[in-house]
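Asker: First the structure, then my questions, so here it is.
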Amino acid sequence: MISAVRNHLRSRILPYLQAPLSTTTTTSSAPLLFSNMSLSQFLRNNKQAFLEDIKSNQGEGWTIVMGNEAGGKFSPRPFPIYLSLTPPLDLDSCASAIGASYLSAKLDNTRAIALIQTSRADLALRPENILAFEFAHLDPSHTDLLTLDDVTASISLFDLRTSFALVDHNRLLPKFAADGEDRVTAIFDHHENEGKHAKANPKIINTAGSCASIVADYYRNRFPTDDAMPDVASLLLSAIVIDTSGLKTKEDGGKAEDADLIASKFLYPLSRFGSISTTGQSSTESKTIPDLSEVLSEAKLAVSHLPGRDLLRRDYKEYEFGSESAGNFTRVGLSTVPMGLEDWIERDGATMFWTDQAQWVKERGLTFSATLTTFRTKKKQKHKREMLVVFSSTKDGAVADAPTGLEKKLYDGIESNEELDAEQMELEGIEGRRARAWEQKNKKATRKQVAPAIKAIVEGGW
């Protein structure tokens with residue numbers, strides 16, 4: 001009897017020892033969770049209830065849990081609305097949003113829903129995401145996920161009356177903050193703190209290779225044991241593994257921090273990868289961490305079927321560098337592509353390759369684009385990184401003059417940057433264009449290093 005009372009009190013009190021994502025709870029008329037409900041079923045039911053509510057009350061009482069989207073944290077001003085671009089989110093943002101929304105709804109009885117900030121059609125641009133969704137037993141049609149076009153088909157983002165929980169970023173995008181009211185109630189992130197949303201609780205911005213590790217750690221002492229938990233654990237673990245290159249620490253060429261190692265050790269036995277069948281044997285879905293890392297990495301690189309424009313936008317960030325006081329801005333787009341430039345040109349032909357580059361610069365209204373490739377050579381599987389900068393084109397048929405002004409400043413700055421260690425390379429069709437390509441000898445310099453380097457060059461700080 002005493003034990004039963006203790007268990008009852010623990011179940012009632014423990015959820016309040018940590019702040020929920022929202023203070024608004026579900027009503028008895030809208031039961032979103034059942035003990036035998038899979039993650040996919042929860043997402044589908046939650047989505048249906050949310051879409052019905054935004055038609056009647058603009059989503060008031062709900063908390064949208066969402067990850068990052070394309071855009072630069074170095075922008076000195078909000079992006080104009082017409083610049084809005086929503087390429088498919090990386091797995092960390094998706095998994096963190098889905099995991100946090102489920103755990104909040106389950107443990108704190110909140111009306112929390114994950115929003116995947118892209119269109120449903122563009123989900124296929126990230127094959128590693130599709131594979132991780134499959135591991136978590138989500139619907140192959142992805143109709144259980146709430147995507148951006150699901151929302152905008154019913155209501156303008158400006159008209160939403162929801163609160164927001166941010167994962168994998170810590171500043172609400174301007175398109176969700178039309179009324180100026182701070183409705184961010186929670187933050188889980190592993191990026192630099194931008195100092196916004198002081199009232200958010202919880203507000204956890206810690207060092208980690210993956211935001212999914214921060215979400216898992218926050219709920220670790222309260223993880224439920226229900227039918228959905230293997231799916232949730234599998235999704236979070238997949239994000240951690242792919243973001244840390246298989247839980248490799250920095251010394252081994254990865255990004256894993258202590259938080260990632262602790263979270264993965266906790267999640268693995270709960271996931272489908274580490275589960276044991278009723279006979280005591282490994283299940284058919286069992287995978288070691290190295291095996292999981294390998295299949296996810298292979299999926300991430302499986303982009304040879306994508307046309308040039310999709311390669312440029314599938315992993316894209318856009319920035320505005322310059323001086324707000326002077327009103328002088330340089331718009332820059334950075335695309336990370338898992339394919340070598342020479343292989344890309346060989347596949348599409350030089351004419352199509354350069355046409356795609358020029359059209360992308362024009363479509364996005366960029367001063368210049370920078371394509372960052374990361375790939376392994378076919379024969380020796382040697383890891384390489386390259387960079388291609390393309391400025392807005394001269395008139396058709398005209399040959400570009402020798403670089404001057406910003407173009408020359410950028411080229412010189414890149415080539416003198418010791419961290420990038422860039423060595424100029426030739427490409428078929430580059431002659432006469434306002435473009436230059438380099439091989440990056442420092443293979444550890446990713447977009448996180450390239451973006452601030454370009455910012456410093458453009459703004460004169462090199």
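Asker: What pairs in 175/444; 362/441; 199/448; 203/443; 250/382; 317/384 have C-alpha atoms more than 23 Å from each other?
Answerer: Numbers: 175/444 34 Å; 362/441 30 Å; 199/448 28 Å; 203/443 33 Å; 250/382 19 Å; 317/384 21 Å.
Checking Cα-Cα distances, 175/444; 362/441; 199/448; 203/443 exceed 23 Å.
Asker: Considering only DSSP states other than H, G, I, E and B, which GluC sites (Glu not before Pro) in the range 130-210 qualify as loop sites with at most 13 other Cβ atoms within 10 Å?
Answerer: The qualifying sites are 181, 192, 194.
Asker: What's the extension gain from residue 199 to residue 227 if we count 0.36 nm per residue and subtract their Cα-Cα distance?
Answerer: Values: separation 28, 0.36 × 28 = 10.08 nm, distance 3.40 nm.
Gain on extension, residue 199 to residue 227, equals 6.7 nm.
Asker: Distance in nm between label sites at residue 152 and residue 52, each 7 Å beyond Cα in the beta-carbon direction?
Answerer: About 2.7 nm, to one decimal.
Asker: How big, on average over all directions, is the shadow cast by the Cα convex hull of the range 308-458, in nm²?
Answerer: Reported value for the Cα convex hull: 9.0 nm².
Asker: Counting Lys and Arg as +1 and Asp and Glu as -1, what is the net charge of the other residues whose Cβ lies under 11 Å from the Cβ of residue 64? Walk me through the numbers on the way to the answer.
Answerer: On the way: positive: 111, 161, 183; negative: none.
That sum, taken over residues with Cβ under 11 Å, equals +3.
Here, each number is a calculation from the coordinates, and none is a lab measurement. Everything numeric in this text was worked out from a predicted model, so none of it was measured. Cβ: placed from backbone, ideal geometry, glycine included. Neighbour counts: every protein chain shown.
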